[in-house]
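The values are calculated or read from the model by the stated rules, or taken from the named source; none is laboratory data. Remember, it's a predicted structure, so these values are computed and weren't measured experimentally. Note that each Cβ is placed from the backbone with ideal geometry, even for glycine, and that neighbours are counted across all protein chains shown. Side chains included, ligands, DNA and RNA excluded: accessible areas come from the protein's heavy atoms. Shrake-Rupley method; radii C 1.70, N 1.55, O 1.52, S 1.80 Å.
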Amino acid sequence: MTASFIPPRRTLMGPGPSDVPQRILDAMARPTIGHLDPAFVELMEQIKSMLRMAFRTENALTFPVSAPGSAGMEMCFVNLVEPGDKVIVCRNGVFGGRMLENVKRTGGVPVVVDDAWGAAVDPNKVREAFQSNPDAKVLAFVHAETSTGAQSDAATLAKITQDHGALTIMDCVTSLGGTPVLLDAWGIDAAYSGSQKCLSCTPGLSPVSFSERAIAKIQSRKTPVQSWFLDLNLVLGYWQSAGKRTYHHTAPVNPMYGLHESLVMLEEEGLENAWARHRAMHEKLKAGLEALGLRYVVDEAARLPQLNSIHVPEGVDEAAIRTKLLIEFNLEIGAGLGDMAGKIWRIGLMGYSAKQENVDYCLKALKACLP
Ligand SMILES: *Cc1c(COP(=O)(O)O)cnc(C)c1O
């Protein structure tokens, strides 16, 4: 007979998932109720309201998609891009590349703005792309590129987009809860995030938010959204105002308890305090890493506090070190992706993982494992 699965106890300091506090795991172990139960409907209303707090938005259409961040990404593209629509896509890492893939699959016409991996998106290139493509309808960019650790200037990119009458799709999977995400102040039209990064919940939910302008675009589509599950017109019937809720799909009830608890914890701490904590822990980790002789990949100005990418020292077998960290220290850090595979490590300080204890532990373990 197969025995029950007992996971090892790890310290999660990779690119996500981050450590999940016991309080959130406890919340998820509470009794399952029906997804149309009035008590569940009340829980969803509270989640929507707390997500507006986290996204700094008044957008009515703010809710968690019942699937991981990649589904939130796909929901933005399949609803906002129609076949033939021109979309400017910024690519400075893995996730920008995935946005491009989404544009192609929705039948959109991509205009790619490339920047080096590890650099922020260059607003001047975006300005030029709009000048050469005045018919572009959407700008898509990644706010916090988890594959490299670079943060882009969302306020400036959104402003350029508005000046050209286009809509903005922003990936804030790794930024939400870790660094400022100000949807309304910046004027972002569609944003998606993930539950398992700076919100420190379990993976599998994707908070999204859509502006009135985005909804107007979706309602004026000439073609139906090709994905049934992600069609906002249908999902809306389920997530809209309490009372007249109808069946669309069975919401993952217990994970929603977890997301609710993580947002309650964020409310208790205060959003700005959470941003400050991520920054403070980053400063401490940085001092320790530099003392070990390790160098950052990203220039200081564009560096993400919650994702520290560092060069693997010359002649070091990076995979062997990660294995040693995992086996001997139960510590997970991330490897490089794509062009950066084998060349960098990515140390996450996301959500509950962004604490002094973890910083100290990670530095101690690295020191013991480095040759
Ligand atoms: C993690 C991540 C995603 C994908 O989220 P999943 O939950 O893994 O599907 C998308 N974009 C960025 C920037 C991410 O860091």
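Miscellaneous remarks
- Test: R277 is surrounded by 14 or more Cβ atoms within 10 Å (Cβ to Cβ) and closer than 16 Å to S175 by Cα: yes
- Between V253, V235, V225, the distinction of being closer than 24 Å to G204 by Cβ, open to solvent by less than 70 Å² (accessible area, probe 1.4 Å), touching an Asp or Glu at 6+ places or on another chain (Cβ under 7 Å) and of a type outside the set (K, R) belongs to V225 only.
- Residue that is farthest from the ligand (Cβ to nearest atom), among those in the range 174-191 that are among the aliphatic types (A, V, I, L, M) and open to solvent by 10 Å² or more (accessible area, probe 1.4 Å): A185
- Note on the range 192-210: residues that are hydroxyl-bearing (S, T, Y) and either free of Cβ contacts under 8 Å to residues at least 24 places away in the same chain or within 10 Å of the ligand (Cβ to nearest atom) (or both) total 4.
- Lone unmet requirement of (1) of a type in the set (D, E); (2) open to solvent by 60 Å² or more (accessible area, probe 1.4 Å); (3) within 19 Å of the chain's Cα centre (by Cα) for E42: (3)
- Identity of the residue in the range 160-171, out of contact with any Gly (no Cβ under 9 Å at 6 or more places or on another chain) and under 18 Å from G72 (Cβ atoms), that ends up farthest from the ligand (Cβ to nearest atom): L167
- Residue tally, condition open to solvent by less than 30 Å² (accessible area, probe 1.4 Å) and in a helix (DSSP H, G or I), over the range 292-341: 5
- Output for the range 65-114, where each listed residue is in contact with a helix residue (DSSP H, G or I) (Cβ under 9 Å, 6 or more places away or on another chain), under 20 Å from I160 (Cα atoms) and among the basic types (K, R): R91
- Residue within the range 119-133 that is outside any loop (DSSP other than H, G, I, E, B), of a type in the set (G, A, S) and within 16 Å of the ligand (Cβ to nearest atom) present: no
- Within the set A116, A155, the sole residue that is over 23 Å from D184 (Cα atoms), open to solvent by 10 Å² or more (accessible area, probe 1.4 Å) and not charged (D, E, K, R) turns out to be A116.
- Test: residue in the range 46-66 that is at positive phi and at pLDDT 95 or above: yes
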